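The values are calculated or read from the model by the stated rules, or taken from the named source; none is laboratory data. These numbers were taken from a predicted model, which means no experiment stands behind them. Every residue, glycine among them, receives a Cβ derived from its backbone with ideal geometry; neighbour counts consider all protein chains shown.
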Amino acid sequence: MLFKSIIAAAVSATMLLSATTPTLAETNTDATDDVSWTITLELGEGQDEAFQALMAEMVEATKEEAGAKGYEWYRSGSTVHINERYETNADAGIHLGNFGENFAERFLAILTPTGLQVYGPAEGGVREGLAGFGATFYDQVGGFER
């Protein structure tokens, strides 16, 4: 499956990147290393039961990822938004690897991605993996985190 190979590349490239690239927070004290995104999806007709079960399983799995700062699912009719936030690019890569290994096939069988906005220093394999969803990338240009 093409998606699984994209995720595998994301994980390996992210591990190399995190060891060699200075982070945005190291060059600008007001910036963060957080990587976050909002993905918009369309739920397939008749998939409510499968959706509820998969969402619950994915939320529980993501709770176990130390670098996951936020992971929220929203729904209006058949439109689903997932807001995700990770402490570092490497943490985002860990999540993508877990997603690819454990959930991607079932997820993409019931949900169709229709948009993806990515915020922060998504680099290397994380950027490549998310680009496969047609992502738009936004670099932090100001602000702060408490």
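Selection of segment 54-79 for residues being without any contact (Cβ under 8 Å) to a residue 40 or more places away in the chain, among the hydrophobic types (A, V, I, L, M, F, W, C) and either assigned to a loop (DSSP other than H, G, I, E, B) or over 14 Å from residue 108 (Cα atoms) (or both) yields 56, 59, 66, 68, 73.
For residue 145, indicate whether it is in contact (Cβ under 8 Å) with a residue 12 or more places away in the chain, charged (D, E, K, R), under 21 Å from residue 69 (Cβ atoms) and assigned to a strand (DSSP E or B).
no
Among residues of segment 107-122 that are closer than 22 Å to residue 47 by Cα, those with a beta-carbon under 8 Å from a residue that is at pLDDT below 95 and surrounded by fewer than 20 Cβ atoms within 10 Å (Cβ to Cβ) at least six positions away or on a different chain give the pairs 108/3; 113/133; 113/134; 115/134; 116/133; 116/134.
Of the residues 49, 26, 65, the single one that is acidic (Asp, Glu), at pLDDT 95 or above and either within 15 Å of residue 122 (Cβ to Cβ) or out of contact with any helix residue (DSSP H, G or I) (no Cβ under 7 Å at 6 or more places or on another chain) (or both) is 49.
Looking across segment 45-58 at every residue that is surrounded by 14 or more Cβ atoms within 10 Å (Cβ to Cβ) and out of contact with any Leu (no Cβ under 7 Å at 6 or more places or on another chain), the one that is farthest from residue 99 (Cα to Cα) is identified as 47. Looking only at residues of segment 118-137 that are among the small types (Gly, Ala, Ser) and assigned to a loop (DSSP other than H, G, I, E, B), we find that the one that is surrounded by the most Cβ atoms within 10 Å (Cβ to Cβ) is 122.
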